[in-house]
1. List the GluC sites (Glu not before Pro) within segment 41-106 that DSSP assigns to loop and that have no more than 15 neighbouring Cβ atoms inside 10 Å.
2. Using modelled amide H (1.01 Å from N, peptide plane; none on Pro or chain starts), what sits under 5 Å from the amide H of Met106, excluding residues fewer than 5 places away?
3. Which of the trypsin sites (Lys or Arg not before Pro) found in segment 16-100 are loop residues per DSSP with 12 or fewer other Cβ atoms within 10 Å of their Cβ?
4. Quickly estimate the mean residue ellipticity at 222 nm for the chain, helices only: each DSSP H run with n ≥ 4 gives -39500 (n - 2.57), and the total goes over all residues, rounded to 500.
5. Where nothing but the Cβ of Lys and Arg (+1) and of Asp and Glu (-1) is charged, how large is the charge dipole of segment 1-63 around its Cα centre, in debye to the nearest 20?
6. Would you work out the Kirkwood radius for segment 9-117? I mean one over the mean of 1/r across all pairs of different Cα atoms, in Å.
7. Unpartnered cysteines of the chain (Cβ-Cβ under 4.7 Å counts as a partner)?
8. Angle, helix 62-78 long axis vs. longest principal axis of the chain, Cα atoms, 0 to 90°, nearest 10?
Amino acid sequence: MSAHDPNCIFCKIIAGQIPSKKVYEDDEVFVFHDIQPWAPVHFLLVPKAHIPSMAQLTPEHEPLMGRMMVLASRLAAEQGCNPYPDGGFRLVCNTGTEGGQEVHHMHVHVMGGPRPWKRG
């Protein structure tokens, strides 16, 4: 896995070559709003390192993934998700083509906010 893939749209967003509505950034993670949101709050947590999918994670990625999960909760609240237990948010990480992954740079969708987007 390389740190950057010059053909990857998320790598280009992280590098500032494609504009995004940034939510958060640090040395390892870039977070931005989804351009086709499914919920009132919908953003993506993306590692800066080009990791194609969850299937390519190794034990060395455990600290990064732990940080991303803790960050998801904090940013969800900051972006307008109501607190647990009555509020909350959903995390989705599609993996591979059969898992619905469209951009092959591992990312986690964080979705929440008022419930009209709820299925069923």
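Every number in this text was worked out from the coordinates using simple rules, so none of it is lab data. Only a predicted model underlies this, so the values are computations on that prediction, with no experimental measurement involved. Reconstructed Cβ throughout: ideal geometry from the backbone, glycine too, with neighbour counts over all protein chains shown.
1. Glu102
2. When sequence neighbours closer than 5 places are left aside, the close amide H contacts are Ile51, Ser53.
3. Lys21
4. -6000 deg cm²/dmol
5. I would put it at about 320 debye.
6. When all Cα pairs of segment 9-117 are included, the Kirkwood radius is 14.3 Å.
7. When partners are defined as cysteine Cβ atoms under 4.7 Å apart, the chain leaves Cys81, Cys93 without one.
8. Between helix and principal axis, roughly 40 degrees.
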